[in-house]
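The values are calculated or read from the model by the stated rules, or taken from the named source; none is laboratory data. Computed from a predicted structure; not experimentally measured. Glycine also receives a Cβ, built like all others from the backbone with ideal geometry; neighbour counts cover every protein chain displayed.
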Amino acid sequence: MAGVGYYTGAITLPNLIDKIADELNTVASTHWSNGDAAWSAGKRCCKYVNGGETMYVALETVNTQAALPTYYGKGLRITFSDAWSSGPSGNKQQSFIAFEAKTATGIAGDLTTMLITYYLWIEDAGFCVMGVPESNTTDNLQGSFIAVAERYDPNTKEYSDGSGNFYGYFRCNYIEQNADRTSPTYDGLRLENVMRPFRYIAHAYKEYSNTPTTTYYGNTTNGQYTEIHKSWDAAYFGHSQDPVGIEFPKLAIKSSGNGKVYYCKPVVHNSITLYGFRHETSFDPIALSDLFMAWRPDSGLVDGDIIALPSPSTKKYLLKSLNSVDKATPLYYGIKYNA
Amino acid sequence: MTELGKVIQANLVGNENDKERDAAIKLQDWKMVDELAQKKNQTG
């Protein structure tokens, strides 16, 4: 284990969770540690302590077929909490990435044996992982995914807000269902695209349309992934299905003039404004993402491209285009590749 | 002063898949070479 760095390979979800937790624990800052030794074998409690700041990031394998509003899913559950009592407690936010899903019962994928090809960045600020599950012919809603749990340096905040310093970003390129938030049946089974503990949780289309008690929402109503917008499109007036709470002001492009790459870092907001069917719902920028960024493929950038920030920075990002066997719409994100 | 709103200019310095392709060629894993080529075409 090396702590800070880029990792890739193909392992099971429980092993990937172990990998993330173990590498975080190896980061030299020692801010990360095991929060609960009893959380093992497919689940881990990653505890971050820095001065008076404490955050628990719980990672869980959900290998029992969960009944989503219309489909069935297994996958990765991520929980932010500010307390722990044999499990997440206190203030709590959860997102569930059902990357192994099916339209009917009988999911064949066993997350303890099936492999995930993953691309992972680890540093003191947290982790960013993209993954693609091993395909099988039974589960017809398999998706690729990205999960980011990042703490931004409080010195880089836009203003002092008295809140914590973490945010989370979670996408699956197929099923992103988010059930009625008043129904306890679906607690821990909703895909929240953005979590800003402990200020808000946000699902792209659900928040845009301001319908927290609606059973499920996605780009149509069945909770499927839609790409973030590339431009102001007259047909859609921009971005009704864009994530709310985090903004991607400029997706990375390759200049046809000089071959250089141009982009803006994702902007995390501290609150969202819900009026219903608004095209802008975030007016409260608090910090920028550093562990990941987003790109678009139509300017010549391709999967695997490595971009380097200008000197004296040594930062690099690896651009990944990940789709899945069942869904051709890829996730276009760049993850950190060099510190 | 934060970087919010700043457009970052970065340099394209290589492609990870090319490294994989070079490794696959060395191993004479032609299936992998084909897959990597296809993947690149999908997003190019």
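Things to note:
- Of all residues in the stretch B:31-44, those satisfying the criterion of being crowded, with 18+ Cβ neighbours inside 10 Å and either at pLDDT 85 or above or within 7 Å of chain A (Cβ to nearest Cβ) (or both) are B:LYS39, B:LYS40, B:THR43.
- Single residue of the stretch A:1-52 satisfying the filter (assigned to a loop (DSSP other than H, G, I, E, B) and in contact with a strand residue (DSSP E or B) (Cβ under 6 Å, 6 or more places away or on another chain)) that is nearest to A:GLY162 (Cα to Cα): A:HIS31
- Looking only at residues of the stretch A:235-293 that are out of contact with any strand residue (DSSP E or B) (no Cβ under 7 Å at 6 or more places or on another chain) and among the aliphatic types (A, V, I, L, M), we find that the one that is modelled with the lowest pLDDT is A:ALA235.
- Residues of the stretch A:100-132 that turn out to be crowded, with 24+ Cβ neighbours inside 10 Å, touching a helix residue (DSSP H, G or I) at 6+ places or on another chain (Cβ under 8 Å) and not hydrophobic (A, V, I, L, M, F, W, C), as a count: 2
- Cβ-Cβ under 7 Å pairs, at least 6 apart or on other chains, the stretch B:13-30 side without any contact (Cβ under 8 Å) to a residue 60 or more places away in the chain and within 8 Å of another protein chain (Cβ to nearest Cβ), far side acidic (Asp, Glu) and surrounded by 13 or more Cβ atoms within 10 Å (Cβ to Cβ): B:ASN15/A:ASP305; B:ASN17/A:ASP303
- Selected residue (only one of A:ALA294, A:ALA287 is at the interface with another protein chain (Cβ under 10 Å from one of its Cβ atoms), in contact (Cβ under 8 Å) with a residue 24 or more places away in the chain and aliphatic (A, V, I, L, M)): A:ALA287
- Single unsatisfied condition, A:TYR262 versus (1) touching a residue at least 60 places away in the same chain (Cβ under 8 Å); (2) within 28 Å of A:PRO154 (Cα to Cα); (3) in a strand (DSSP E or B): (1)
- Filter result for A:THR113 (modelled with pLDDT under 95 and among the hydroxyl-bearing types (Ser, Thr, Tyr)): no
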